[in-house]
Structure formats: structure tokens, C-alpha cells
Amino acid sequence: MSTATLTISSKNYSSWSLRGWLLTRMSGLAFEERVMPIDDPNTRAELLLLSPSFLVPCLSHDGLDIWDTLAIAEYLDELMPEAGIIPKDRVARAHGRSIAGEMHSGFANLRSALPMNLKGHYKGFKVWAGALGDIERVRTIWKEALAASKGPFLFGDAPTLADAMYAPVAARFTTYDVALDPVCEDYRRTVMNWPLMQEWIEAAMAEPEELDELDVEF
């Protein structure tokens, strides 16, 4: 099987790059990383939430370019079904797709109020009121999935598409010191201690580039 290329942007700031990278690593597909420079106008627009990017993440494989995160997940699941990116059980599969799709298209207030910044930590951060509804919805999604699966990941023992989609939220909750109930806090810790997340975070910490617009003192 030919080696793929995954185009991403900043590991510190780009939640969508993280999702695409996690999914590709979870699949077991060999790939090389291509990192878009942070001073690229399209990259900055995506990181500052000014416009969506069709450049990252983008998986190139066998002559195909797949640039939407859910499309990447579906492609990888078809290519490497044994990886279990999408649950095999019909009920869990439908549930997982539903909550992944909800994250993909929603939560605009959460994204704006709590931009991803793995290097930052704002203890006692006061969350903008407009984002509280999104945070509560995330808590509900996590608790419902964990109640059904018994954890530690949203659909059981191993991470799936849904965990990749919500991993940046766990990172945001860590950065901005968001208070969680015990069930959600345990899940947040599970995600942050996930070896793939630890690998990504280590690389993010080593990035020299910074976006001053996302590094203000709150």
C-alpha cells in the first residue's frame, strides 16, 4: 500500500489538524506529514476562526485528496476496517456518527470562546456565557456515550472517530480550566493521557511559531 501524505497546520492551535492526524494514526496507514507554514494566509484564517480551510487536514493517498475530516474518517474506515475507527455495532455506529457530525458542524460559541492552545493554561478562566450551553451539551454527549459503553473511551475500550472529534474539546477544557463532573473529568483525563494525544502535545510544545492573536493574557 502506498505511503500517504497528511497536510496539517500548527499542532498547538489547529483542532482540525489534530482530528485528522489522530484518525490517520488510528487507522494504521503509513503517512508522511506536510505542515503548512503558520504565516500562510489560509492557515492563519483557519486558526483564527475567520474562515474554514480546505487545505488542512488533507489526506493524499493513491491519487486522491480527501480534505474533510469526516470524509477522511470514512475513507480510512473503508481502507482499514480492522482498525475500528467507526464502531462495528449498528447502534454504536449510528450514535458515533451522530455525535461526530454534531461536533463537525456545531459548537461555534465554544470554538470562539475557547480557541485551542495546547501551550496555554488559564486557571480560573471565566468562560463567556454564550459558550456555556455548548459546554453543557458536550458534557451530556460524553455522559450518555460513556453510560452506554462503560468507557473508558466513548464507545468502549478503544478510541473511535468520536474520540478523535472530541479530543480537541478535552484539550480546550484543560487549557481553560473548565470545571467538569467526575464522569466527564475522568474522560477528559483519558483523552489527554491517550498516547497519541501525548505524542501530538509533545510536538506542539516544540513548535517555535506563535500567533499573538491567540496568546493574549486572559
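The simple spin-label model puts a point 7 Å past each Cα toward its Cβ; for residue 158 and residue 136 those points are separated by 3.7 nm. Computed over the stretch 90-201, the P(r) curve from all C-alpha pair distances, binned at 5 Å from the origin, holds 2, 12, 24, 26, 21, 11, 3, 1, 0 percent per bin. Between residue 121 and residue 181, the FRET efficiency estimated from the beta carbon spacing at R0 = 30 angstrom works out to 0.90.
May I have the count of lysine pairs in the chain with C-alpha atoms under 23 Å apart, counting pairs 8 or more residues apart or located on different chains?
Details: 11/119; 11/123; 88/143; 88/150.
Lysine pairs meeting the criterion: 4.
Structure remark: mean-square fluctuation, Gaussian network model of the chain, C-alpha springs under 10 Å; the largest value among 206, 171, 131 belongs to 206. Helical runs assigned H by DSSP (4 residues or longer) give the chain a calculated mean residue ellipticity at 222 nm of -16000 deg cm²/dmol, each run adding -39500 (n - 2.57) before division by the residue total. With neighbour counts taken as other beta-carbon atoms within 10 Å, the residues 181, 68 rank, fewest first, as 181, 68. Directionally averaged projected area (the chain, Cα convex hull): 11.4 nm². Just check the stretch 79-119 against the gyration tensor rule for me: Cα atoms, a ≥ b ≥ c as the square roots of the eigenvalues, rounded for a/c under 1.5, and otherwise prolate or oblate depending on whether a/b exceeds b/c. Here the stretch 79-119 falls in the oblate category. Centroid-to-centroid, using Cα positions, the stretch 68-87 and the stretch 150-205 are 20 Å apart.
Bear in mind that the values in this text are calculations on the coordinates, not laboratory data. Computed from a prediction, not measured in an experiment: that's the story for all the values here. With ideal geometry, Cβ positions are generated from the backbone for all residues, glycine too; neighbour counts draw on all protein chains shown.
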